[in-house]
1. Using alpha carbons only, what's the Rg to Rh ratio of the range 260-418 with Rh from Kirkwood?
2. Which value, to two decimals, describes the C-alpha radius of gyration of the range 279-362 once divided by 2.2 N^0.38 Å?
3. Need the full-extension length gain, K332 to T225, defined as separation in residues times 0.36 nm minus the C-alpha distance. One decimal, nm.
4. Kirkwood Rh over Cα pairs of the range 360-463 into Stokes-Einstein at 4 °C, 1.567 mPa s: D in µm²/s?
5. Considering only protein heavy atoms and a 1.4 Å probe, what is the carbon-and-sulfur percentage of the accessible area of the range 286-423?
6. Loop-only check: which trypsin sites (Lys or Arg not before Pro) in the range 375-411 are DSSP coil with at most 15 other Cβ within 10 angstrom?
7. Compute the length gained on full extension between K140 and K346: take 0.36 nm times their separation in residues and subtract their Cα-Cα distance, giving the result in nm to one decimal.
8. From the Cα trace of the range 137-267, what convex hull volume per residue do you get, rounded to a whole Å³?
Amino acid sequence: MKKKFNHNTVWGKRMKGKTNNILLETNASIDVDKELYSEDIDASIIHCKMLAKQSVIPAKISKKIVNCLEKIRREIKSKKFKFNKKHEDIHLNIENRLFELIGPDAGYLHTARSRNDQVTTDFRLWIIKSAKSLKQDIKKVIYDLIILAKKNIDVIMPGFTHLKNAQPVLFSHYMLAYVEMLKRDLKKIENLILNTSENPLGSGALAGTSINIDRNYTSKKLNFTKPTSNSMDAVSDRDYVLEFLFVCSVNAMHLSRFAEELIIWNSDLVDMITIKDDMLTGSSMMPQKKNPDSAEIIRGKTAIIISSLNSFFIIMKGLPLSYFKDMQDDKKIVFESYNNLSNNLKLTSNLIKSMKPNKKKMYNYSLKGFTTATDFAEYLVKKGVRFREAHKKSAMLVNIAEKLNLTLNELKLEHIKKVYNNFDSNVLNVLKVENSVNSKKSFGGTSKQNVIKMINKTLKELR
Ligand code: ARG
């Protein structure tokens with residue numbers, strides 16, 4: 001609070017005394033919302049053109065304002081613009097500069113609009129733009145996963161439940177599981193963009209305006225699908241912000257689970273993958289160390305992204321209609337979430353490119369934990385045994401193997417005989433992990449032919 005503010009705000013005439021400095025300091029959002037400058041200028045230009053088209057303001061003045069707004073855009077872009085807390089936010093900083101450059105005619109621009117419809121218009125445009133950029137980052141991760149899957153299409157590993165070996169799966173199938181999650185995230189983003197594409201501009205402070213504006217024109221020119229239908233809803237709600245934060249949270253959660261896999265697989269206890277040095281860091285004390293900090297950052301930042309969704313829910317849940325300053329913090333929350341997620345996506349991309357499965361280790365692990373016990377049960381089912389009985393017989397076979405300290409694929413016909421007599425020569429094959437994997441031809445199962453189909457389908461969809 002070192003700075004003294006001067007008090008000729010746009011609303012200053014109504015006030016008797018000066019605004020308290022702590023209020024000036026905390027009310028100002030320019031440090032954060034200057035990020036919206038380009039959207040703010042876009043919306044102002046279209047608004048100004050519309051006012052002239054409707055003969056609300058003189059065409060000559062409209063042109064002067066539009067040219068000057070473009071000049072301001074260049075000033076901000078080239079970092080020549082001086083943002084000032086005295087002018088609170090991006091909207092008033094730009095309007096103030098307009099006054100400096102063209103004088104009192106700048107005063108025509110704010111006809112039939114309020115910062116309330118202005119800010120939510122800008123923010124919707126920003127969110128649509130940023131959602132599109134996240135889509136590209138997600139697509140990149142999908143491609144990287146597919147390349148990794150293709151390179152290691154035949155690698156067999158254990159699939160887990162409860163982190164205990166469950167059934168053998170293809171490593172490529174494992175990677176494609178994450179591809180499916182990310183594909184759904186892309187769909188969620190498309191939906192978010194659709195829902196955000198309504199134009200609040202022209203809703204005014206809350207009630208609309210008596211001036212003859214054309215909201216269809218501004219909607220079309222700003223690439224919105226249509227104008228919002230209720231002026232109070234338009235300036236009050238931020239459900240599109242929550243939707244953005246939700247989509248970010250889900251996507252971050254998916255990446256975080258993947259990061260957690262890599263941390264476990266990269267541990268010395270498991271040692272199922274190696275990660276190249278470019279995505280590892282060292283220790284200041286232990287000379288031997290190579291740590292997967294990159295994956296831990298992804299997991300850690302996810303907590304912050306998810307808590308942002310929570311924070312903004314709490315901000316919104318108690319607000320009656322219409323505008324309240326509480327909502328101003330939506331920008332900080334969203335910008336942070338966007339940056340964290342965009343970094344997480346880039347970290348994930350690079351981790352995928354940097355990792356290599358230890359094929360032998362994976363294969364050997366897949367033999368452990370009697371992972372083909374279900375295959376034996378299904379073999380019996382195909383022989384006509386009821387599944388519940390087959391389950392028991394297979395459990396008995398597992399107990400025999402455990403007692404003899406053998407893996408299931410090491411068992412002999414004499415062992416099978418102890419639990420089931422009516423087998424054929426193929427029975428021992430059933431206990432092999434390769435056979436197990438390739439037999440999972442049910443739609444969505446882990447067989448190689450399914451994996452190849454899914455890879456091709458995804459590549460087609462993304463093109
Ligand atoms: N900077 C404000 C925000 O982001 C703009 C809206 C201000 N409106 C108002 N009535 N004070 O929320």
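1. 1.23
2. For the range 279-362, the normalised Cα radius of gyration is 1.61.
3. 35.9 nm
4. Numbers: Rh = 14.9 Å.
Rounded to a whole number, D works out at 87 µm²/s.
5. That share works out to 54 percent.
6. Listed in order of number, the matching sites are K383, R386.
7. Values: separation 206, 0.36 × 206 = 74.16 nm, distance 0.86 nm.
Once the chain is fully extended between K140 and K346, it gains 73.3 nm.
8. Spelled out: Cα convex hull of the range 137-267, divided by residues, is 130 Å³.
The values are calculated or read from the model by the stated rules, or taken from the named source; none is laboratory data. Note that this is a predicted model, so its numbers are computed, not measured. All Cβ positions, even for glycine, are placed from backbone atoms using ideal geometry, and neighbour counts span all protein chains on display. With ligands, DNA and RNA removed, areas are computed over all heavy atoms of the protein, side chains included. Shrake-Rupley method; radii C 1.70, N 1.55, O 1.52, S 1.80 Å.
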